[in-house]
Amino acid sequence: MNLAQQIPLFFNSTNVRFLFQTWLQRLALRTSAALQPALADALAERLFLTPPPARRNDALHDLSDGRSATLMHRGRRLALWHWGPEDAPAVVLAHGWGGRAAQMRHFVYPLRAAGFRVVVYDQPAHGRSEGRLSGLPDFAAALGRIVEKTGDVRAVVAHSLAGPALAYAIANGLALESVVLVSPPSDLVGYSRRFARWYRMPEQLRSAMQAAIEERFGVRWACFELERLAPHLRARALVIHDAEDRQVPFHQGLRIARVWAGARMLRTRGLGHTRILSNDEVVRAAADFVSGRSQVTERAADSLPAPIY
């Protein structure tokens, strides 16, 4: 293949397109910050609330054996899939930021075998659900709507940023017997600072972005800090986190487990932030915990060493 043939393939590469788009976004932020700071604030807010595009391996046919449906929520359709008889108690599966319902499908059959019906859905502005912008308040409200519509929901399995949304929903009246938090973050401001570093945003712009998002939703970010919410929540909790998670460090999940009364902790290794969702040990532990067949491990506060910072 000659150079003329290689160039189109190079620029069609997903990684190259992503890096080029990131470069353009950094340039737009830097230029607007210098010339029109208010525009930079708006661009940063929109960028933060826009989910990343679907990856090619997020195959919708992975859910083709479930019964598909849609649910209207605040003027947007949410896409959902469900399995099992309507008179069985239910478990809801909630994916994280930039994820898809299909990522949670490995939990379906262990939970079905334990006697539950299972509901999984695309978060607002993700996958086949409608919308272009979303945030944690959207996640929490959508979860509440799904639980209300489903009825007799006993537990929720939440991945990543769906964890703080779940905790916020429980703190505001959502009644559940148990929860499983997979790779949950305990530091949302820290998350936004990593986001800001990637886009080369100065702290002043990041802070203005946070204030704009809080004003948009009418909720302060502190209300979603899982480490602050956990001591006041009474649902049985299992935290599952990988020791080599590069997106949400393990010590964040450990801190949550330690302050959630009676919480259990399952530490994995070598699964990272997303492969953990397809691990047989993880999905079996979640199903056993929700069904009450196993407590998985000792209480996190008593059995685990202090985190290394």
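Taken together, the values in this text are just the output of simple stated rules run on the coordinates, not laboratory data. Given the structure is predicted, the values throughout are model-derived calculations rather than measurements. All Cβ positions, glycine included, derive from the backbone under ideal geometry; neighbour counts span all protein chains shown.
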Q | Amide H contacts under 5 Å for Ala125, placed H, 5+ residues apart | A | Glu130, Gly131
Q. Based on the Cβ-Cβ distance from Glu177 to Asp87, what FRET efficiency comes out when R0 is 22 Å, to the nearest 0.05?
A. 0.80
Q. What nm value, rounded to one decimal, do you get for the distance between Arg269 and Ser294 when each label is placed 7 Å out toward the C-beta?
A. 1.9
Q) Given H placed 1.01 Å from N in the peptide plane, which residues other than close sequence neighbours of Arg264 have an amide H under 5 Å from its amide H? A) Ala237, Leu238, Val239, Ala300
Q | Relative contact order [Cα under 8 Å, 6+ residues apart], the stretch 89-134, whole percent | A | 42
Q | Relative contact order of the stretch 123-241, defined on C-alpha pairs under 8 angstrom at six or more residues apart (%) | A | 29
Q. Taking 0.36 nm per residue of separation and subtracting the Cα-Cα distance, what length does fully extending Ala211 through Arg234 add?
A. 5.2 nm
Q | Ala42-Asp152 FRET efficiency (beta carbon distance; Förster radius 35 Å; 0.05 resolution) | A | 0.25
Q | Distance (nanometres) between label positions extended 7 Å along Cα→Cβ at Glu281 and Arg145 | A | 3.9
Q | Approximate spin-label separation Arg193-Thr70, in nm, with each point projected 7 Å along Cα-to-Cβ | A | 4.2
